[in-house]
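A.B. asks: Quick one: the structure is below, questions incoming.
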Amino acid sequence: MNNRTNANPHITIIVPAFNEAAAIAHTVNHIAQHLKALSRDWDILVIDDGSRDNTSDVVRNLDKDLNTSLVRFSRNFGKEYAITAGLEHAEGDLVICMDADGQHSAELLGEMLAKWREGYDMVYAVRQDRNVESAFKRFGSRLFYRAMSLGGQINIPRDAGDFRLMDRQVVNALLSLPERNRFMKGIYAWVGYKSIGIPYFPLDRTHGESTFSKLKLAQLAWTGVTSFSVMPLRLASGVGAGLAFLSFIYGVWVVIDKMFFSESIPGWPTVVASMMFFAGVQLLFIGILGEYLARVYDEVKGRPSYIVAEVSKPASKSPSQSKSTKPKAVKPAEKDLLG
Ligand code: UDP
Ligand code: MG
């Protein structure tokens with residue numbers, strides 16, 4: 001028994017949405033139906049990540065008893081930032097992140113809440129259907145988790161995405177990280193806390209198609225690796241040291257060969273081939289260095305991670321434009337850090 005068993009926590013569901021006008025009303029309704037059964041105190045917060053359709057209009061016009069607020073970005077900043085904004089604006093004691101396209105089944109909310117009552121601070125949904133994905137996605141994700149586990153100090157649970165419940169403590173901890181390259185999978189794992197996964201089968205998208213192309217996924221994975229691991233840099237040092245050692249041995253052999261065994265040293269092809277090889281290796285590793293430098297550059301610029309153009313509460317209050325001139329960044333000082 002703990003003090004969560006009979007608690008009635010305020011639950012906030014954050015829903016990042018990008019061009020989801022066709023799906024969002026249905027998704028919010030569905031979530032609300034389940035929330036009503038779980039808690040007296042709940043609200044939904046949709047973050048319109050710069051949609052080009054009328055997602056925001058749909059959300060503003062939702063029924064008042066759906067308790068749904070809207071945070072609208074000034075442009076598309078990406079899901080990771082939409083989630084960050086959601087965490088920042090969420091008022092609940094518990095925050096749950098769910099996709100706008102209806103792929104995250106609200107049926108799981110009860111189970112998540114039950115785990116929280118058992119004492120877990122973070123409950124993440126683990127997707128079960130990797131085998132129906134393309135070979136590319138499966139290979140990519142295996143490579144990614146392998147790279148992360150080799151070089152990072154954190155352990156990222158496999159196949160766990162953004163669909164998760166977080167206790168207020170966890171939310172505050174997440175917001176205390178000031179970094180601009182927000183790779184959420186890594187950040188969730190980095191903050192720690194008592195966590196548990198529960199299995200789920202993602203549903204089909206109610207409308208449209210996934211916005212995450214192969215290229216976008218690969219970019220996200222690379223952001224993850226470079227934000228949370230120095231493995232590529234170590235690899236560069238390792239390969240450099242190995243090659244230098246082999247070249248030294250070869251150099252010694254060339255001298256011995258010239259002195260004792262042969263008159264002339266043949267070798268134009270060898271020279272050209274090895275020059276090309278080493279030039280390639282050098283460029284590759286300079287590129288990797290550059291990637292890290294680019295991360296540093298991003299952080300040093302100190303720009304806000306996203307800009308909020310509008311915050312609007314459920315129908316009772318009129319939309320406030322107050323935030324439009326004041327960009328909102330991840331400001332840890334505002335929150336009680338690592339509560
Ligand atoms: N999304 C977002 N910003 C983006 C891309 C996507 O907020 O730039 C939202 C999208 O509306 C959806 C969720 O992130 O609610 C997951 O996106 P999607 O369904 O395209 O990806 P997948 O289901 O393949 O992970
Ligand atoms: Mg989806």
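The values are calculated or read from the model by the stated rules, or taken from the named source; none is laboratory data. Not measured: the values here are computed from a predicted model. In this analysis, Cβ positions are derived from the backbone assuming ideal geometry, glycine residues included, and neighbour counts consider all displayed protein chains.
A.B. asks: Need at least 2 residues that are within 16 Å of ligand 2 (Cβ to nearest atom) and surrounded by 15 or more Cβ atoms within 10 Å (Cβ to Cβ) per element, so show me which strands (runs of 3 or more DSSP E) inside region 1-73 make the cut, counting only ones lying wholly within it. Spell out the reasoning first.
C.D. replies: Numbers: elements: 11-17, 42-48, 68-73.
Result: 11-17, 42-48.
A.B. asks: When residues of region 94-109 are filtered for being more than 10 Å from ligand 2 (Cβ to nearest atom), crowded, with 24+ Cβ neighbours inside 10 Å and of a type in the set (Gly, Ala, Ser), how many remain?
C.D. replies: Final tally of qualifying residues: 0.
A.B. asks: Could you please give the count of residues in region 79-91 that are under 21 Å from the mean Cα position of the chain (by Cα) and more than 9 Å from ligand 1 (Cβ to nearest atom)?
C.D. replies: Residues flagged as under 21 Å from the mean Cα position of the chain (by Cα) and more than 9 Å from ligand 1 (Cβ to nearest atom) within region 79-91 amount to 7.
A.B. asks: Among (1) closer than 20 Å to ALA17 by Cα; (2) of a type outside the set (Phe, Trp, Tyr); (3) under 13 Å from the mean Cα position of the chain (by Cα), which single condition is LEU174 missing?
C.D. replies: Condition not satisfied by LEU174: (1).
This table checks each residue for (1) modelled with pLDDT of 50 or more; (2) of a type in the set (Ser, Thr, Tyr); (3) within 23 Å of the chain's Cα centre (by Cα); (4) loosely packed, with under 15 Cβ neighbours inside 10 Å.
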{"residue": "VAL296", "(1), (2), (3), (4)": "yes, no, yes, yes"}
{"residue": "VAL300", "(1), (2), (3), (4)": "yes, no, yes, yes"}
{"residue": "TYR306", "(1), (2), (3), (4)": "yes, yes, yes, no"}
{"residue": "GLU310", "(1), (2), (3), (4)": "yes, no, no, no"}
{"residue": "PRO314", "(1), (2), (3), (4)": "yes, no, no, no"}
{"residue": "SER318", "(1), (2), (3), (4)": "no, yes, no, yes"}
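A.B. asks: Something else now. Considering each residue of region 266-287, count those that are of a type in the set (Val, Ile, Thr) and either within 30 Å of ALA17 (Cβ to Cβ) or at pLDDT 85 or above (or both), and give that number.
C.D. replies: 1
A.B. asks: Then there's this: If you scan region 217-230, which residues turn out to be within 16 Å of ligand 1 (Cβ to nearest atom) and over 12 Å from the mean Cα position of the chain (by Cα)?
C.D. replies: ALA218
A.B. asks: If TYR120 meets every condition in (1) touching a Lys or Arg at 6+ places or on another chain (Cβ under 6 Å); (2) surrounded by fewer than 22 Cβ atoms within 10 Å (Cβ to Cβ); (3) over 18 Å from GLY161 (Cβ atoms) apart from one, which number is that one?
C.D. replies: Condition (3) is where TYR120 drops out.
A.B. asks: State which residue pairs qualify: first residue over 25 Å from GLY110 (Cα atoms) and inside region 42-60, second residue buried (at least 21 other Cβ atoms within 10 Å of the Cβ) and small (Gly, Ala, Ser) in any location, beta carbons under 6 Å apart, and separation of 6 or more residues or different chains.
C.D. replies: Within 6 Å, the pairs are ASP48/ALA17; ASP48/SER56; ASP49/ALA82; THR55/ALA17.
A.B. asks: If SER195 meets every condition in (1) away from ligand 1 (no atom under 16 Å from the Cβ); (2) in contact with a Phe, Trp or Tyr (Cβ under 9 Å, 6 or more places away or on another chain); (3) closer than 30 Å to LEU293 by Cβ; (4) hydroxyl-bearing (Ser, Thr, Tyr) apart from one, which number is that one?
C.D. replies: For SER195, the exception is condition (3).
A.B. asks: For region 74-93, which positions are surrounded by 22 or more Cβ atoms within 10 Å (Cβ to Cβ), within 16 Å of ligand 2 (Cβ to nearest atom) and part of a loop (DSSP other than H, G, I, E, B)?
C.D. replies: Residues satisfying the conditions do not exist here.
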